[in-house]
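One structure is given below, encoded as structure tokens.
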């Protein structure tokens, strides 16, 4: 059984039975059968259905947002924003997919030669709970529109969201077996990956989970796209406009109670503006309103589960034992974790080295711009970096010094359907969104006619 529990009040929402091996086998067979017909549908028909998904999301925005809030504790205003972003990605691919998937003519000595972008089959998606609709839809919209079918293994604590997303695609008119959710435990994943129906796997989650999935997929010669963890740096140079950008910096850490792979987790601040930054950042953090996630004025509710809050507390305490100091916060009550600022953080401490999935900002003081870039790069992760400065020319010259998958100047790192999204190093490989995302799960077939 899977239990879905509201993390704010601890009440049981619903229990779900795991699918039996026979039921999983039937779903895989359905996905394979559906693919043979779905791949032949004109792209115009696929985009029409995707438009319908977007319309369904718009019509039921509040219902889906409430489901997110109940299952993982996200403040309702942020859940609504999540659904609105899902609508955006559906509209983006409905408008652009035909162009992205068009044959690409290549001039050779042939009478005609081109690249044909063909779907590959059924893709297994293993998705996390922190953005339970967005993480799925941003993968599914391009992948299913390219002509593939999808099997979704969602996080257990958002099973209601998983089933609602399947229903969303069915109500939009997608063929049976085109998009299916499976309720299984982690021990069953390896067997599913090994099944001949599964042609590729995408996973958003921890680097540990990514390694296991990638190893199984590689053993079976199946492609993977991995969007893993991060401990993004937010660099603040000595000329940064703090008054203009401080709330963006706070949101970069505290949005979704810090439960985001692309959140700013390490704030690397030059000493000339350190005191001013810390004062303004503290004032903004302490003004955040904690409370019931169902209230529109709530900024911080709870983490998605009690054990997640316990993990954050453990990482903070180990960091304090190594010499860091609590500047603000650091209390926990069940799944709630108070917005927290920790200073004097250094390499070798969990808050510097690890991904911390909670509302805890680690502050690091540096003397020079060069040092700030060096400290930012001192990470096993490589998802994104943000830099705040008025010296745009110097910031541009720094882009090549950071090997992350994203580099944002005077803005928090965020995903946008128009831009590729993904990381380097332990943050994974492959790209989602934009044209790059829709081409991840296609066969780039060379066609030569003479």
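Rule-based calculations on the coordinates, nothing more; no lab input. Bear in mind that the values here come from a model prediction, so they are computed numbers and not experimental data. Virtual Cβ from ideal backbone geometry, glycine too; neighbours counted across all protein chains shown.
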Worksheet item: When only Cα pairs under 8 Å and 6 or more residues apart are kept, what is the percent relative contact order across the range 232-416?
Response: 30 percent
Worksheet item: If you stretched the chain out fully between residue 223 and residue 22, how much longer would it get, using 0.36 nm times the residue separation minus the C-alpha to C-alpha distance?
Response: 69.8 nm
Item to complete: Starting with the highest mean, order 432-444, 228-240 by the number of other Cβ atoms within 10 Å, averaged over the residues of each peptide.
Response: 228-240, 432-444
Practice prompt. Report, to the nearest 10°, how far helix 207-219 tilts away from the longest principal axis of the Cα atoms in the chain, using its own Cα long axis and a range of 0 to 90°.
Written response: 30 degrees
Worksheet item: With axes computed from alpha carbons, what is the tilt in degrees of helix 61-72 against the longest principal axis of the chain, rounded to the nearest 10 within 0 to 90?
Response: 60 degrees
Worksheet item: Relative contact order of the chain: what whole-number percent is it, with Cα pairs under 8 angstrom and at least 6 residues apart?
Response: 19 percent
Worksheet item: Along the principal axes of its C-alpha atoms, what lengths does the range 232-416 span, in descending order and rounded to whole Å?
Response: 46, 36, 31
Worksheet, complete the sentence: Contour minus Cα-Cα span, residue 292 to residue 242, at 0.36 nm per residue, comes to 15.0 nm
Worksheet item: Ordered by packing density, taken as the mean number of other Cβ atoms within 10 Å over each peptide's residues, highest first, how do 113-125, 131-143 rank?
Response: 131-143, 113-125
Response to the item:
With R₀ set to 22 angstrom, the calculated FRET efficiency between the beta-carbons of residue 194 and residue 41, to the nearest 0.05, is 0.15
Worksheet entry | Taking all pairs of distinct alpha-carbon atoms in the chain, Kirkwood radius in angstrom | 22.8 Å
Discussion item. What is the angle, in °, between the Cα long axis of helix 159-171 and the longest principal axis of the Cα atoms in the chain? Nearest 10 is fine, range 0 to 90.
Written reply: 40 degrees
Fill in: Within the range 232-416, percent of DSSP bridges classed antiparallel, to nearest 5
20 percent
Fill in: Helix-derived mean residue ellipticity, 222 nm - over the chain, DSSP H n ≥ 4, -39500 (n - 2.57), to 500
-13000 deg cm²/dmol
Worksheet entry | DSSP-defined antiparallel bridges as percent of all bridges, the chain, nearest 5 | 40 percent
Worksheet item: Spin-label point model (7 Å from Cα, Cβ direction): what's the residue 443 to residue 104 distance in nm?
Response: 1.8 nm
